[in-house]
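I have placed the structure first, in the form of structure tokens, so that the comments after it can refer back to it.
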Amino acid sequence: MKKLDWYIIGKFLRTFFFVVLIFSMVSMIVDFSEKIERFIESDITKQIIIFEYFPTFLVFILGFLWPMLTLIAVIFFTGRMADNSEIISILNAGVSFWRLMRPYLISSGFLFLLYLAGIHFVVPWANAHRAELERVYFNRGRDEGKTTNVHFFVAPDTKVYMTHYNKRDSAARNFRIEHIVDNELVSLTKARTARFVKGDPDIWRLDNYETRTFDGLEETIEVGSRMTLDTVLNLRPEDFVEYREQQSALTTPELIRQLRNQQQRGAGNIRKYQVELARRSAEPFTIFILTLIGLSVAGRKVRGGIGVQLAGGIFMGALFVFLSRFASTISSSADLPVWLGMWMPNILFFAAALYFVSNAQR
């Protein structure tokens with residue numbers, strides 16, 4: 001590490017956190033102006049707004065814009081260095097363009113680690129807390145879980161079906177449990193009503209049940225009219241609850257567990273969890289790509305000054321955000337492989353970065 005490296009790293013990080021501060025202030029002002037009527041009409045207190053809502057909102061918005069802010073910071077301070085002829089002096093002193101990239105990559109590596117920890121743990125926690133505040137005080141993100149004609153695989157060979165489920169009292173009507181072995185139904189338990197009973201272990205209490213057991217062509221029937229049957233199932237009331245953008249409020253370990261759980265149950269809505277997991281793996285690497293683009297674009301002195309370069313940087317950052325959202329939408333609904341869809345913006349921007357680096361001044 002030379003003095004040049006520490007000089008550029010210091011400029012990089014100071015400029016980045018300055019940009020973060022500016023965007024944070026603007027974001028809070030815009031969000032407050034949009035929600036001021038809701039704040040007044042709801043029962044939310046000033047303390048909750050100041051110490052809970054806005055901190056979690058800032059974590060969310062910074063997690064959303066982190067790569068774009070990196071690009072803006074790189075263009076801003078590199079453009080000023082080029083405008084002051086510092087870049088030309090460094091290159092004329094015998095420093096190659098590839099050697100100049102070293103402190104940029106070191107700084108972006110530090111921001112990469114921060115973003116990696118944030119996108120996998122901190123941002124989901126903030127999203128969960130912010131979503132809970134909005135549900136409690138603003139009545140947003142309401143429950144969209146199914147309550148009619150519900151199918152669940154509670155085990156690889158056990159399926160549960162009910163025509164109606166009441167979330168208030170955790171009761172189900174026309175409850176049915178099917179046990180399947182080698183694609184053949186071996187037993188079937190039906191009940192007019194079933195109710196979740198919390199305990200250790202949790203159980204489902206079936207009323208007026210009927211159990212049919214099949215052994216080849218033989219069938220055994222057990223009728224429990226006006227009787228109850230307690231059975232342990234891998235099914236809880238929270239499994240019937242699903243909020244909008246719920247996957248973004250789960251930390252990565254929770255997201256992986258939820259994905260496996262949904263796969264075991266044969267749920268049809270697992271693609272959104274796969275897209276979210278792929279997004280969290282792909283987006284942090286964009287920091288390196290946008291850093292190279294920013295250095296290549298802003299590392300030369302141009303007419304119009306830094307304003308033109310900064311405008312170009314904001315445009316490219318906005319384009320990346322748009323492509324990322326577009327990739328998420330396409331990956332969620334199309335037959336395109338999830339990982340390919342979420343890495344597509346990185347592939348396109350990496351190709352652009354190679355082009356800009358190859359044409360940058362040496």
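The values are calculated or read from the model by the stated rules, or taken from the named source; none is laboratory data. Everything quoted here is computed from the prediction, not taken from an experiment. Here the Cβ is made from the backbone with ideal geometry for all residues, glycine too, and neighbour counts use every protein chain on show. Please note that ligands, DNA and RNA were not included when accessible areas were found on the heavy atoms of the full protein model with its side chains. Shrake-Rupley method; radii C 1.70, N 1.55, O 1.52, S 1.80 Å.
Do the conditions hold for L340, that is, is it surrounded by fewer than 17 Cβ atoms within 10 Å (Cβ to Cβ), without any contact (Cβ under 8 Å) to a residue 60 or more places away in the chain, over 16 Å from the mean Cα position of the chain (by Cα) and not in a loop (DSSP other than H, G, I, E, B)? The answer is yes for L340.
Among the candidates G63, G10, the residue that is of a type outside the set (A, V, I, L, M) and in contact with a Gly (Cβ under 7 Å, 6 or more places away or on another chain) is uniquely G63. With the structure loaded, tell me whether P103 is in a helix (DSSP H, G or I), touching an Asp or Glu at 6+ places or on another chain (Cβ under 6 Å) and either modelled with pLDDT of 90 or more or open to solvent by less than 10 Å² (accessible area, probe 1.4 Å) (or both) or whether it fails that test. Yes: the conditions hold for P103. The residues in the range 220-275 that are open to solvent by 70 Å² or more (accessible area, probe 1.4 Å) and in a helix (DSSP H, G or I) can be counted, and the count is 6. Within the range 31-59, being open to solvent by 70 Å² or more (accessible area, probe 1.4 Å) and closer than 22 Å to I314 by Cβ holds for S33, E34.
Is one or more of the residues making up the range 294-302 at pLDDT 80 or above, surrounded by fewer than 19 Cβ atoms within 10 Å (Cβ to Cβ), outside any loop (DSSP other than H, G, I, E, B) and touching a helix residue (DSSP H, G or I) at 6+ places or on another chain (Cβ under 7 Å)? No. The residues on offer are S85, S27, S42, S33, and the sole one that is in contact with a helix residue (DSSP H, G or I) (Cβ under 6 Å, 6 or more places away or on another chain) and either of a type in the set (K, R) or more than 27 Å from S328 (Cβ to Cβ) (or both) is S42. Hey, does the range 204-217 have a residue that's at pLDDT below 90, of a type in the set (S, T, Y) and in contact with an Asp or Glu (Cβ under 8 Å, 6 or more places away or on another chain)? Scanning the range 204-217 turns up no residue that is at pLDDT below 90, of a type in the set (S, T, Y) and in contact with an Asp or Glu (Cβ under 8 Å, 6 or more places away or on another chain).
For the range 60-98, enumerate the residues that are among the hydroxyl-bearing types (S, T, Y) and over 25 Å from L319 (Cα atoms).
Result: S85, S89, S96.
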